[in-house]
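In what follows, a structure is listed as structure tokens, so that the remarks can point back to it.
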Amino acid sequence: DLLDPERLIQCPFDKHHQIRACRFPYHLVKCKESNPQIAKKLAVCPFNARHLVPQCELRDHILKCSDKAFMEQDMVSGSLEPDQDQVKNSSTWQAPPCSEDWETEVSQRSESTFIW
């Protein structure tokens, strides 16, 4: 299951590292610093920064990347004009004016010193 945070993912920097999906982004940062020579040879996928592939394979990865579909879907839906009915029915709620005045509150406090 791709959404399982406990599934194991192989580290692109060290093939012996099997990392839980929920810790994978943190591991990538740390392992990249520990393996700068390998990091130079890897390219980052433009659709998902967790995808690190050899630079020579990046073009092929981009064509096949599963996250590409999500990006394209977002771009298409974001470029469309909003439906006029949606615009008319959108919320017109506004936050009430703030009545707090922190400067006045500070000056009105007693001059006692806080001691921990």
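The values are calculated or read from the model by the stated rules, or taken from the named source; none is laboratory data. As the structure is a computational prediction, the values presented were derived from the model and not from experiment. Heads up: the accessible areas ignore ligands, DNA and RNA and are worked out on the full protein's heavy atoms, side chains in. Shrake-Rupley method; radii C 1.70, N 1.55, O 1.52, S 1.80 Å.
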(request) Out of 63, 58, report the one residue that is open to solvent by less than 80 Å² (accessible area, probe 1.4 Å) and part of a helix (DSSP H, G or I). (result) 58
(message) Restricting to the range 8-49, and then to whatever is assigned to a strand (DSSP E or B) and within 21 Å of the chain's Cα centre (by Cα), can you tell me which residue is nearest to residue 71 (Cα to Cα)?
(response) 44
(request) Hey, can you tell me all the residues within the range 50-94 that are at pLDDT 90 or above and within 17 Å of the chain's Cα centre (by Cα)? (result) 50, 51, 52
